[in-house]
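A short write-up of the structure that comes next.
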Amino acid sequence: MASVDLDADRVIVLSSTVYGDDSHIVRVFSRTLGVIPLWVRMGKARRARGEGAKFHALALLDVRGLHRKGSEGLFRVRTAERAARLDAMTREARRAAVAFFLAEFLWKTFPEEAPHPEVVDWTWSWVLALDATPHPASVHVRYLAGLTSLLGLAPDGAPPSDRHGLQLATGEYLPVDHPDEAHLGPAATRTYLDLVAGKDVQVVGAQRRELVLGLVRYVQLHLSGERTIQSYEVLEAVFR
């Protein structure tokens, strides 16, 4: 791939891993480039200033001097500054659990170097909402439902009867007696469509679990293939 040299971009942090004695590999969702790995040199002075803390899950950053030489695997940035302070999200366990879950979902679902600026913009607004809302328990399921609509995956129209659910592999309505890994049940399908329509519906307990796991599978089946989101069980335990 040709060299990359961008003056400025906005990115969302998905994960951060210590690399050697003074560096981090930070996976980000770049508005211009898609999911990419950044090499960030920390050094003692930056560590002393606590700069590593700004690379938490779903941190919103404005970066400058984003570049890569030739086919070198890692990108680098000249500066990376917080675009917004997310104090509630970094202090509270429930919001942090949602952030880790959504960050893992994004980097395991969207292929590297495949730009999706509309997804970055959508996620950016939901990160701000996650930090601000007094009720974070349903943010992730609302985010996922809206994301399917953004990606053109939400079905057209209502199911033909109260016995029909959503087949995840095709996006078609089929009669479903019992929900399973391949389908959303009829009740969950109706709730999903209400969420897509922006209705203020409560999603709790078993139905929230069915919707979250089902919508993750739905998006992955149509984008990149299924991958387990390990942080989900922690998220489920936090809101139990």
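Report, in debye and to the nearest 20, how large the dipole of the chain comes out about its Cα centre when Lys and Arg carry +1 and Asp and Glu carry -1 on their Cβ.
1000 debye
Expressed as an acute angle from 0 to 90° and rounded to the nearest 10, what is the orientation of the C-alpha long axis of helix 117-132 relative to the principal long axis of the chain?
Here the helix axis deviates by roughly 90 degrees.
Sort 163, 31, 76 so the one with the fewest other Cβ atoms within 10 Å of its own Cβ comes first.
Exposure proxy ranking, most exposed first: 163, 76, 31.
In degrees, nearest 10, range 0 to 90: what is the angle between the Cα axis of helix 93-109 and the longest Cα principal axis of the chain?
For 93-109 against the chain, the angle is about 90 degrees.
Would you calculate, for the chain, the mean residue ellipticity at 222 nm contributed by helices, counting each DSSP H stretch of 4 or more residues as -39,500 (n - 2.57) and dividing by all residues, to the nearest 500?
Helices in the chain give a 222 nm mean residue ellipticity of -12000 deg cm²/dmol.
If you put +1 on each Lys and Arg Cβ and -1 on each Asp and Glu Cβ, how big is the dipole of the range 174-227 around its Cα centre, in Debye rounded to 20? Walk me through the numbers on the way to the answer.
On the way: 6 positive and 7 negative charges, 34 e Å.
That gives a dipole near 160 debye.
Which angle between 0 and 90 degrees, to the nearest 10, do you get for helix 186-196 versus the longest principal axis of the chain when only C-alpha atoms count?
Value to nearest ten degrees: 50.
Using alpha carbons only, how many angstrom separate the centre of the range 128-161 from the centre of the range 86-118?
What the calculation gives is 15 Å, centre to centre.
Compare the Cα positions of 73, 187, 84 along the charge dipole of the chain (+1 at Cβ of Lys, Arg; -1 at Cβ of Asp, Glu; about the Cα centre) and return the one farthest towards the positive end.
Among 73, 187, 84, the one farthest towards the positive end of the dipole of the chain is 84.
Please give, to one decimal in nm, the separation of the simple spin-label points placed at residue 125 and residue 226, each 7 Å out from Cα toward the Cβ.
Spacing of the two 7 Å Cα→Cβ label points: 3.2 nm.
Binning at 10 angstrom from zero up to the longest distance, how are the C-alpha pair distances of the range 142-240 distributed in percent?
16, 52, 30, 3
Would you mind classifying the range 156-208 by shape? Square roots of the alpha carbon gyration tensor eigenvalues, ordered a ≥ b ≥ c; an a/c under 1.5 is rounded, otherwise it is prolate if a/b is larger than b/c and oblate if not.
Taking the square roots of the gyration eigenvalues as a ≥ b ≥ c, the range 156-208 is oblate.
Once Cα extents along the principal axes in Å is worked out from the coordinates, which option in (i) 67, 47, 27; (ii) 61, 39, 27; (iii) 55, 38, 34 does it equal?
(ii)
Coordinate-derived values only; no laboratory data. It should be emphasised that the depicted structure is a prediction, and the values quoted were computed from it without experimental measurement. As a convention, Cβ positions derive from the backbone with ideal geometry for all residues, glycine included, and neighbour counts pool all protein chains shown.
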